1. Which loop trypsin sites (Lys or Arg not before Pro) in region 25-102, with loop taken from DSSP, have no more than 11 other Cβ atoms within 10 angstrom of their Cβ?
2. Over region 1-114, calculate the relative contact order: mean separation of alpha carbon pairs under 8 Å at least 6 apart, over the residue count, as a percent.
3. Based solely on its DSSP helices, what 222 nm [θ] is calculated for the chain when runs of n ≥ 4 H residues each add -39,500 (n - 2.57) and the sum is averaged over all residues, nearest 500 deg cm²/dmol?
4. So for the chain, averaging the separation of alpha carbon pairs under 8 Å that are six or more residues apart and normalising by length, what relative contact order in percent results?
5. Over the chain, what portion of Cα pair distances is larger than 28 Å, expressed as a whole percent?
6. With the Cα gyration tensor of region 90-129 in hand, convert its eigenvalues to equivalent ellipsoid semi-axes via √(5λ) and list them largest first in whole Å.
7. Using only Cα atoms, tell me the angle between helix 178-188 and the longest principal axis of the chain; keep it within 0 to 90° and round to the nearest 10.
8. Counting Lys +1, Arg +1, Asp -1, Glu -1, what net charge surrounds Thr59 among other residues with beta carbon under 13 Å of its beta carbon?
Amino acid sequence: MLKNVVAVLLDGVHPFELGVVCEVFGMDRSDDGLPVYDFAVVSAEGPGLTTHCGFTVSTPHGLERLEEADLIAVPAGEDFTVREFPPELLTALRRAVDRGTRVLSVCSGVFVLAAAGLLDERRCAVHWHHAEQLARRYPRLQVEPDVLYVDEDPVITSAGTAAGIDACLHLVRKEQGPEVANKLARRMVVPPHRDGGQAQFIERPLPKAPADTVGEVLAWMETHLDQEITVEQLAARAHMAPRTFARRFRQETGTTPYRWLLRQRVLLAQELLEGTDETMDAIAWRTGFGTAAALRHQFLRALGTTPNAYRRAFRGPRAA
């Protein structure tokens, strides 16, 4: 279980990235029924550190505190792309992973994990601005420059700044379930799962939890978005009664078949608006909305903007 969390800092730490870890794991939200973590901030370079913004951070905890942790988070810091890191920190991180502790980096914190050898032969995420530099400096890892985060359990890496929130919520969802992650996201006023990110335009988001029973039905739904789909049809494909199927679907995806299908259709519409010159009528037909008016209504409801405005934002005014 995820109970004991440590953020390990180096001189020049970036306050925002540190704040991400503190916000997810360091706040007591037990009044809302959310888990409370045994959280500590640790310094790898003495009791007093200076942030890259100029103010200081002090903590009584040294590297020995890592021995108790279930999760060690490494926020970004100044010059992480070029500096050397304390050998005792790298040793402590390797030892932690060997005993089963997870490590998570935010933005350029990935350079620390790479220096410790924890990313050798693994995929990883990093801010797009640092992707080429990371790949050159550590050629044994595989950089994924377009994604928000990569989970190569027990090593989790995230892209720039706010993508650390996505990675932390992903881990909470993985360890403690979608209900806890969604409730925590609502308290933080952030989406529980973002479908895009820096340069990321993923084709489809993964279910919020493993869909062991309805996985094949989900795959079928994704390839038949242009068709009229009913719960009865889906239940028949899953060899279940409709009410049983609907209940199992919510258990495994965290939502209803209708809402899941609607979200997939909106995502497909986003892709077509970004990457094609198809008319609104054609996009409405391909996504299963039927008419341009229905597409506009559901798109506006889901994203707070119209299809035309979305196309202009991503492709410029001439595209619309």
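Quick note: the coordinates plus some simple rules give every number you see, no bench work behind them. All figures in this text were calculated on a predicted structure; none of them were measured in a lab. With ideal geometry, Cβ positions are generated from the backbone for all residues, glycine too; neighbour counts draw on all protein chains shown.
1. Working: sites: Arg29, Arg65, Arg83, Arg94, Arg95, Arg99, Arg102; in loops: Arg29, Arg83, Arg99.
Of the trypsin sites (Lys or Arg not before Pro), the ones in loops of region 25-102 whose Cβ has at most 11 other Cβ atoms within 10 Å are Arg99.
2. Once divided by the residue count of region 1-114, the mean separation gives 31 percent.
3. Working: 13 runs with 136 residues, N = 320.
Helix contribution divided over all residues of the chain: -12500 deg cm²/dmol.
4. 11
5. Beyond 28 Å sits 48 percent of the P(r) for the chain.
6. On the way: eigenvalues 68, 19, 16 Å².
The equivalent ellipsoid of region 90-129 has semi-axes of 18, 10, 9 Å.
7. Taking the Cα atoms of the chain, the angle to 178-188 is about 70 degrees.
8. -2
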